[in-house]
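Undergrad: I have a structure I would like to understand better, so I am pasting it below and will then ask my questions one at a time.
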Amino acid sequence: MELTSSAFAPQKDIPSQHTCDGHDRSPPLAWSGVPSGAKSLALVVDDPDAPDPAAPKMTWVHWVLYNIPSATTGLEAGATQLPAGTCQGLNDWKQAGYRGPCPPIGRHRYVHTLYALDTALPVLHPATKTALEQAMQGHILARCELVGHYKKK
């Protein structure tokens, strides 16, 4: 599988409109190569460099989506209309939905990971990244990543 964005190239800077310095809207994402046996997709966006890339202590979760229909080929910028059946999990602000990069110090990596699953998942309570990872165990057919960077203005 391949995950891309028309807003930024792999390993390049995420435009500020997709961050707390801008409109905090999710970037447009597109993917291809989903295995034919996939029944659903999941997407996690996180920052493994929190709070300081020189001394990371945790991974901060920015977005959790699951049960994205496998025929879906991407999400538009702002992703206000999610594909039917898609569930949003909680980010580390304890909110459903996207919250963009807003690093307190330094230039951080933001990892967008897309998973192809052989099943649709039950509705998760709580729908955190940890709960999603547990539910996906044994069901991942393929995964891919897109990494962007951001340093707060």
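Undergrad: One residue is enough: does region 8-28 have a residue meeting the conditions acidic (D, E), in a loop (DSSP other than H, G, I, E, B) and surrounded by 15 or more Cβ atoms within 10 Å (Cβ to Cβ)?
TA: yes
Undergrad: Using the structure shown, decide if H108 is without any contact (Cβ under 8 Å) to a residue 24 or more places away in the chain, within 17 Å of W63 (Cα to Cα) and not β-branched (V, I, T).
TA: no
Undergrad: Restricting attention to region 53-110, report how many residues are part of a strand (DSSP E or B), basic (K, R) and surrounded by fewer than 16 Cβ atoms within 10 Å (Cβ to Cβ).
TA: Of the residues in that region, 1 qualify.
Undergrad: Answer with yes or no whether P35 is farther than 25 Å from L124 by Cβ, touching a residue at least 12 places away in the same chain (Cβ under 8 Å) and not acidic (D, E).
TA: No; evaluated as a whole, the condition is false for this residue.
Undergrad: Among the listed residues A79, A50, A42, identify the single one that is modelled with pLDDT under 95 and either under 22 Å from P126 (Cα atoms) or in contact with a Phe, Trp or Tyr (Cβ under 7 Å, 6 or more places away or on another chain) (or both).
TA: A79
Undergrad: So if I check each of V34, V45, which one is crowded, with 18+ Cβ neighbours inside 10 Å, over 17 Å from V111 (Cβ atoms) and either out of contact with any helix residue (DSSP H, G or I) (no Cβ under 7 Å at 6 or more places or on another chain) or not charged (D, E, K, R) (or both)?
TA: Unique residue meeting the criteria: V34.
The values are calculated or read from the model by the stated rules, or taken from the named source; none is laboratory data. Computed from a predicted model, the values in this text were never measured in an experiment. Note that each Cβ is placed from the backbone with ideal geometry, even for glycine, and that neighbours are counted across all protein chains shown.
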